Structures are given as C-alpha cells and as structure tokens.
Amino acid sequence: MSYLAVENDRRIYFEHHRGDERPIVLIHGWGANTRYWDTTAPALKAAGHEVVLVDLRACGRSDKDFEDATIAALADDVVKVVEHLGLSSPVINGWSLGGAVATAAAAALGSRAGGLVLTGGASPRYTATDDWPGGSTDDVEGVLTGAAANRADTFRGVAAAVCATPPSSDVLDWIWGMFMEMGPVGDDSLRDLARTDLRKELGGLDIPILLPHGRDDAFVPFAGAEAVLELNSRARLVPFDACGHAPFLEDRDRYLAELTGFLKS
C-alpha cells in the first residue's frame, strides 16, 4: 500500500503495479474506489502494462477529512501521483466523475500525457446547458439531499442504476459497499462536478482520446459522448450496445480489447 500527502497531512491512497508496457492511470467515479477496476486492472497488468490506481479524496483508503474535494483538487492529486512515480507518457482513464478528473489532469500534464480515456466519462460537462446534453443541478442536489437523509438507501439506488441490465446481487452488494466507504466530504466532489465545464481544456488536448460509452447510460447521456467528437478531432467514440454506465463491467471482453488496442496505438 502507498500513500501520498496532498493537502497538509491528508493523504490519498494509490497502487503502483510495475510493467514494461505503456503506463495507464485508472481513476474511479463518485463514491467508488480502486477496487472498481478489479475486472480491468489485472488484465492490463498481465499484458505488461504499468498500472496505477488512485483512491480519490474521501474515497476508499484515502483520508476522509479533506477540506478541498473539487474536481481541480482531485486532478491535481493525479498529476502529483504521476510526477511522484515518474510515469512516462501515461494514458489517463477516468470513469464517470473520474472522467472530469482525468480530463483536467491530462490538460495539466500537457505534452507529458500519452492519451485520455473517458469511460462513461462525465466530461467535459455533466449538467446540461443550452448547447450541451446532460442532467440538471437539481438532480444532483436531489441525490445529495437523499444521501444526507439516508445514505445507505440512496447509494443502493445509485448502485442499482449503474448497469443497463440488473447485475447479480453479489455485484450490486460489491458496488454498494464501495459507495458506502466514501466520507461525506466526497459529496462536495459531485456538487463541484455539476458546475464544472472542461470544454476548453478537452478541445485543447493534442493527444489521442478514446470514448467507450454505453448507449443506455443512465448517468451520462450517449449524446454527451457524441458531442465530444465536435470538440476534438482526435477523439474516437466506441459505442457499447445494451450497456449502461460501466461498459468494463457489462461487456468486459470488448472493453479490454478496445482499451488494450488504444494503449498499443
């Protein structure tokens, strides 16, 4: 286990699995943690890749009492881990809220980043505007209000909506259990996501971008992934039919094939 102090004495948890092939940093979404990648990371490691997983602030094994849990702060942590490990041209892969974190981190890394993957990524925006598809800030506040009143039932409902086809009870319990490990400060990350706009940063990236996205995503509309193609000519969208918010869980073999192919390109 490894920890890195990023805010005074507050630490984030990360894992560094060494390999000779291109490094990849895996960033989970709101409420989850590094274990969310347990069907993905071992396969990448077996293929020889250098794999890094990060628990965002207030999530998993990271400290829970951070003062700043904004998307910018989370992205800065990722950059610090990349620099701490001396990763060479890493691909940054973010799922859900982690997509916004990955985008901001890739923008900060600039030419030091090797690529960006937005896996059902809530990027460059999560909430809708007149010219961007998405949910509403009221929806976000509704979830957070529900979590404040009844965290267990609210997170159970969120977990149940991740996949297009209801998962087994074991998988649902696994996802829910991770959500329940997040401290209340983590709610600030979702609230900040609702007002984050990274269109300028995403449009300015001069690196390859892969977008594996479920057509039946209940959290980040497929239209949002399609809109990314208008922002950056280096982006490539891979639709996952009959998949929801987590194609790496719902269609693992195809997801791994697309991801490993991207890493080799």
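Output the number of residues of region 8-21 satisfying the condition of being open to solvent by 70 Å² or more (accessible area, probe 1.4 Å) and either under 26 Å from ASP68 (Cβ atoms) or touching a residue at least 40 places away in the same chain (Cβ under 8 Å) (or both).
So the count comes out to 4.
Out of LEU205, LEU256, LEU190, LEU249, which single residue is outside any helix (DSSP H, G or I), in contact (Cβ under 8 Å) with a residue 24 or more places away in the chain and either polar (S, T, N, Q) or out of contact with any strand residue (DSSP E or B) (no Cβ under 6 Å at 6 or more places or on another chain) (or both)?
Unique residue meeting the criteria: LEU205.
Starting from residues that are among the aliphatic types (A, V, I, L, M) and either at pLDDT below 95 or in a loop (DSSP other than H, G, I, E, B) (or both), keep the ones in region 208-220 and report whichever is least open to solvent (accessible area, probe 1.4 Å).
Among them, the one singled out is VAL220.
Out of the residues in region 161-173 that are surrounded by fewer than 17 Cβ atoms within 10 Å (Cβ to Cβ) and touching a residue at least 24 places away in the same chain (Cβ under 8 Å), state the one that is farthest from LEU231 (Cα to Cα).
VAL171
Read through the list (1) open to solvent by 50 Å² or more (accessible area, probe 1.4 Å); (2) part of a strand (DSSP E or B); (3) more than 29 Å from GLY261 (Cβ to Cβ); (4) touching a helix residue (DSSP H, G or I) at 6+ places or on another chain (Cβ under 8 Å), then give the number of the only condition that ALA5 fails.
Result: ALA5 fails condition (4) only.
So is ALA149 open to solvent by 10 Å² or more (accessible area, probe 1.4 Å) and either at pLDDT 95 or above or closer than 20 Å to ARG195 by Cβ (or both) or not?
yes
The values are calculated or read from the model by the stated rules, or taken from the named source; none is laboratory data. Because the structure is a prediction, the values reported are computed rather than measured. All Cβ positions, even for glycine, are placed from backbone atoms using ideal geometry, and neighbour counts span all protein chains on display. The protein model used for the area step is the full one, side chains on, heavy atoms only, and it has no ligands, DNA or RNA in it. Shrake-Rupley method; radii C 1.70, N 1.55, O 1.52, S 1.80 Å.
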